[in-house]
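S.K.: Take a look at this one; I'll ask things after.
None of the figures in this text is laboratory data; all of them are computed from the coordinates on show. Just so it is clear, the model here is predicted, and its values are computed rather than measured. Cβ coordinates were reconstructed from backbone atoms using ideal geometry, including for glycine residues, and neighbour counts include every protein chain displayed.
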Amino acid sequence: MNDKGLHTYSFQTDLVIDAHTREQAEVLLKQLLDTAGFSRYHINKGSLIGASIADGSSAKLPSTTAPAPAGSSPAAPSGNELHNLALDMIRRCAEDGRLVRLSINRGKGVRLSVPCRIVNWDEQKGLLTVYHVDEKQVYTFGIGEIDDFIL
């Protein structure tokens with residue numbers, strides 16, 4: 001804890017950035033992190049993603065195709081915009097009946113990987129009801145239990 005009473009937290013994330021080259025994608029990522037005000041960050045590696053995202057068969061993520069020109073700062077999406085994007089993705093997957101994989105953390109070290117279709121999304125209660133395609137069972141998870149959402 002520092003002298004201002006603030007705590008420091010570390011998060012590991014995977015980000016998808018559209019660019020012509022890996023170098024352009026890394027430059028754009030660094031610009032976004034710098035303008036968002038992150039004091040420290042470490043970029044481990046980058047890899048080219050296969051045709052599943054490039055050919056448009058998965059849900060569209062916000063994309064940027066080139067770094068911003070010098071002198072202009074890219075607008076980082078606000079927390080509310082990211083929240084709305086995630087909710088829109090959940091709704092779209094439910095409407096399309098798309099197969100998704102959820103990584104669930106039930107607590108006490110219990111982790112599940114659930115291939116499923118979304119049956120219902122109760123936004124008021126924060127509950128996601130899914131049909132597990134392997135077990136042919138219906139499960140309900142709290143939104144806080146979901147660690148990862150893979151299309």
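S.K.: How much length is gained on full extension from L33 to R92, taking 0.36 nm per residue of separation minus their Cα-Cα distance? All intermediate terms of the calculation are to be shown ahead of the outcome.
M.R.: On the way: separation 59, 0.36 × 59 = 21.24 nm, distance 2.85 nm.
In short, 18.4 nm is gained.
S.K.: A follow-up question, please. Points 7 angstrom from Cα along the Cβ direction at L82 and Q24: gap in nanometres?
M.R.: My value for the distance between the label points is 2.5 nm.
S.K.: Based on other C-beta atoms within 10 Å, arrange D134, D18, D34 from fewest to most. Please list the in-between numbers first.
M.R.: Numbers: D134 8, D18 16, D34 13.
Least to most surrounded, the residues fall as D134, D34, D18.
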